Amino acid sequence: MNNQYIRLISIMFFTMAGIFIIDQNIKTLFVDGWRYYTDCIDLILVYNKGVAFSMFAFLDEWLKYIQIVLITGILIYIIHLKEMCYALPAGLILGGAVSNIYDRFIHEGVVDMVYWHCGFNFAVFNFADVMINLAVVWFLILNFKPKLCKS
């Protein structure tokens, strides 16, 4: 194994672990009963049985296994690319995804808590969802601007 490969795996792993730990600690606050209400954003506890906007909730138990296959595919693809610039966003997306899948095993649904209702009602989401979306935008930028990715 060369040093670049070890760096790639290390960055991905530590980013993933950090996102997982932060997200699970935030979720524990809400599972334990903490709530906060404002005019625009409520911090409440919601168990999401589906994915974004509760889509695919009808898949029940199968959803978490389908998601495990998808994250495994992402992990294999990023390792195969061996591009250092993908390590951090990959860690973000994997950390968020692993945290949400962990919720499915422990709570039978993803623990969501941020409810935006200022002007319009938006889906309830969590820190892991924000990290996943940030990573997707980061991946898109890297793919449309390949000069940003210098190995």
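The values are calculated or read from the model by the stated rules, or taken from the named source; none is laboratory data. Keep in mind that what you see is a predicted model, and the values were worked out from it rather than measured. Note: ideal-geometry Cβ built from the backbone for every residue, glycine included; neighbour counts use all protein chains shown.
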Could you run through segment 18-48 and say how many residues are surrounded by fewer than 17 Cβ atoms within 10 Å (Cβ to Cβ) and either at pLDDT below 90 or acidic (Asp, Glu) (or both)? 3
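Under 30 Å from Asn121 (Cα atoms), crowded, with 16+ Cβ neighbours inside 10 Å, modelled with pLDDT under 95 and touching a helix residue (DSSP H, G or I) at 6+ places or on another chain (Cβ under 8 Å): does that describe Lys64?
Here the answer is yes, as Lys64 does meet what is asked.
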Taking segment 26-46 and keeping residues free of Cβ contacts under 8 Å to residues at least 40 places away in the same chain, under 22 Å from Asn121 (Cα atoms) and either outside any strand (DSSP E or B) or basic (Lys, Arg) (or both) leaves Trp34, Arg35, Thr38
The one condition Ile19 fails out of (1) within 14 Å of the chain's Cα centre (by Cα); (2) of a type in the set (Val, Ile, Thr); (3) closer than 13 Å to Asp103 by Cα is (3)
If you go through segment 115-128 one residue at a time, how many are buried (at least 22 other Cβ atoms within 10 Å of the Cβ) and under 22 Å from Ile74 (Cβ atoms)? 2
Take segment 107-137 and flag every residue that is touching a residue at least 12 places away in the same chain (Cβ under 8 Å) and polar (S, T, N, Q). Asn126
Counting just the residues of segment 72-114 that are surrounded by 21 or more Cβ atoms within 10 Å (Cβ to Cβ) and more than 15 Å from the chain's Cα centre (by Cα), which one comes out modelled with the lowest pLDDT? Ile78
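So how many residues does segment 85-141 have that are assigned to a helix (DSSP H, G or I) and aromatic (Phe, Trp, Tyr)?
Residues in segment 85-141 being assigned to a helix (DSSP H, G or I) and aromatic (Phe, Trp, Tyr): 6 in total.
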